[in-house]
Amino acid sequence: MRTLGIETSCDETAIGVVEDGGRLVASIVSSQVQLHAEYGGVVPELASRKHVEAMIPVLDEALSAAGGGLAALDAIAVTYGPGLSGALLVGFNFAKALAYALGLPLVPVNHLEAHVYAAWLHADAADAPDAGPRFPSLALIVSGGHSDVVLMTDHGHYRRLGQTVDDAAGEAFDKVARLLGLGFPGGPAIDRLAAEHGRAKTLKLPRARLDGDYDFSFSGLKTKAGRIVRGEEGDSPEAAELAAAFQESVVDSLVTKALQAAADNGAREIILAGGVAANSELRRVLAERSPVPVVVPPPELCTDNGAMIAACAHHRLAAGDIAPLDLDIDPALKIG
Ligand code: KG4
Ligand code: ZN
């Protein structure tokens, strides 16, 4: 069963090919990062137009990497939300046309759900994760637009336990990176700079809302970082020290809440997913502190890609989830 997955919810034009929901056959990602870096963030209309340009070349590349051409495909999967509406429409309409022309089922995929499925992608049966999903799983989905704590009780069954009440984790990384003049996207830049600083930290930043429920709040931390950068709290530390302290605070909040949610709900594993899951400190600290196995995709599959869309679609299709060809996108779609 070979599925083509198309992803255009934000600033990556991405197409992947996956077999049987897990075997990664091809993953091509055309990033628009350089285009948007000039503006310090994603410009929605430019993103849509770049997707229009990149769509067919990315499809050609994915098909030649996968071999077998269009004739070898069994289903077309596509992100229908959440995301930027203009950007979503490009991939969504392209997928519809492809499914219609090839007479294949069109499988609508929730982008947040797909991030979780990246955890079980593998290049070959030999390096498949040691055990498949161990339900209930606790998924920590942290990206540029979302920070969700989700209990996954089965394929397609989610209960959202917590979320961000203001900025998403990735958004906080991007905003603090901008304060530090590190460019866009900020997450990888802060990750690198914090690593340069090493582990001997003197600056301590507050933790956001660590008691009670499983919600996050990062805007207070971002405001505090801004005050420090502008010298409103005494002598400004080196950028690397602030990057390390900021990252440490975000990671501690994320890990503490995820572990609490996992323990309270008897989770048998924790899945770390979404672009921020590429963060080296988050991966390290979660693995170190978790009493249950942590499943995390390789960094290149944490950020947006088409393979995760195809992987998730396999399970949606098994549940009979085929989109009618007049389905619309859902830019505000949630999980759980
Ligand atoms: O999942 P994703 O590719 O797109 C969305 O669905 O939003 O996530 C992008 C986010 C950006 O905010 C980016 O700064 C962040 O993921 N990110 C990171 C790292 N790599 C990407 N954040 C922290 N550390 C990283 N290494
Ligand atoms: Zn994403």
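The values are calculated or read from the model by the stated rules, or taken from the named source; none is laboratory data. Here the structure is a predicted model, which is why all the values come from computation and not from measurement. FYI the Cβ positions are ideal-geometry reconstructions off the backbone, even for glycines, and counts take in every protein chain you see. Each accessible area value is taken on the protein alone, full model and side chains, heavy atoms only, with ligands, DNA and RNA left out. Shrake-Rupley method; radii C 1.70, N 1.55, O 1.52, S 1.80 Å.
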**Q.** Charge sum, other residues only, whose C-beta stays under 14 Å from residue 35's C-beta, Lys/Arg counted +1 and Asp/Glu -1
**A.** -3
Q) So what's the net charge close to residue 322: Lys and Arg +1, Asp and Glu -1, counting the other residues with Cβ under 15 Å from its Cβ? A) -1
Q) Separation between the residue 236 and residue 192 pseudo-spin-labels, each 7 Å from Cα along Cα→Cβ, expressed in nm? A) 2.0
Q: Take the alpha-carbon centre of region 1-18, take the same for region 245-293, and report the distance between them in whole Å.
A: 27
Q: May I ask you to derive the relative contact order of region 168-317, considering only C-alpha pairs under 8 Å and at least 6 residues apart, and to give it as an integer percent?
A: 22
Q: Sequence neighbours fewer than 8 away in the same chain don't count; with that in mind, list the aspartates and glutamates whose C-alpha is under 12 Å from residue 334.
A: 113, 148
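How much length would be gained if the chain were fully extended between residue 93 and residue 328, taking 0.36 nm per residue of separation minus their Cα-Cα distance, in nm to one decimal?
Numbers: separation 235, 0.36 × 235 = 84.60 nm, distance 0.93 nm.
Full extension of this stretch gives 83.7 nm more.
If packing is taken as the average number of other Cβ atoms within 10 Å across a peptide's residues, how do 179-192, 250-263, 8-21, 103-116 rank, most packed first?
On the way: 179-192: 19.7, 250-263: 21.4, 8-21: 25.8, 103-116: 23.9.
Order by mean packing, descending: 8-21, 103-116, 250-263, 179-192.
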Q) residue 249 accessible area, nearest 10 Å², 1.4 Å probe? A) 0
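Which net charge results for the neighbourhood of residue 223, defined as the other residues with beta-carbon distances under 13 angstrom from its beta-carbon, given Lys and Arg at +1 and Asp and Glu at -1?
Details: positive: 175, 222, 224, 227, 230; negative: 166, 167, 232, 233.
That works out to +1.
By DSSP, what percent of the beta bridges with both residues in the chain are antiparallel, rounded to the nearest 5?
Working: 26 of 45 bridges.
Here the share of antiparallel DSSP bridges comes out near 60 percent.
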Q. How much of residue 94 can a 1.4 Å solvent probe reach, expressed as accessible area in Å² and rounded to 10?
A. 40
Q | GNM flexibility winner over the chain from 207, 289, 178 (Cα, springs under 10 Å) | A | 289
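Calculate the FRET efficiency for residue 60 and residue 165 from the Cβ-Cβ distance with a Förster distance of 51 Å, rounded to the nearest 0.05.
Working: r = 43 Å, r/R0 = 0.84.
Once the sixth-power term is evaluated, E becomes 0.75.
At a Förster radius of 35 Å, what calculated FRET efficiency corresponds to the Cβ-Cβ distance of residue 178 and residue 263, to the nearest 0.05? Walk me through the numbers on the way to the answer.
On the way: r = 36 Å, r/R0 = 1.02.
With a Förster radius of 35 Å, E is 0.50.
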Q) Using 1/(1 + (r/R0)^6) with R0 = 35 angstrom and r between the beta carbons of residue 219 and residue 49, what's the FRET efficiency to the nearest 0.05? A) 0.65
Q) By a straight-distance test (C-alpha under 21 Å), which lysines pair with residue 222 as possible cross-link partners, with residues fewer than eight away in the same chain excluded? A) 175, 201, 204, 257
**Q.** Gaussian network model of the chain, springs between alpha carbon atoms under 10 Å - residue of 273, 118, 195 with greatest fluctuation
**A.** 195
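Determine the calculated [θ] at 222 nm for the chain from helices alone, applying -39500 (n - 2.57) to every DSSP H run no shorter than 4 residues and normalising by the residue count; nearest 500 deg cm²/dmol.
Working: 11 runs with 139 residues, N = 336.
Roughly -13000 deg cm²/dmol at 222 nm, from the helical runs in the chain.
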Q) Put +1 on the Cβ of each Lys and Arg and -1 on the Cβ of each Asp and Glu in the chain; which of 305, 161, 70 then has its Cα farthest toward the positive end of the dipole? A) 161
Q. Mind checking which helices in the chain clear 20 Å along their axis (Cα) and have mean Kyte-Doolittle hydropathy of 0.5 or more, DSSP H runs only?
A. 85-102, 239-264
(Q) Is the C-alpha gyration tensor of the chain telling us rounded, prolate or oblate? Criteria: a/c under 1.5 is rounded; beyond that, a/b larger than b/c is prolate, otherwise oblate. (A) prolate
Q. So what does residue 322 come to for accessible area, using a 1.4 Å probe and Å² rounded to 10?
A. 90
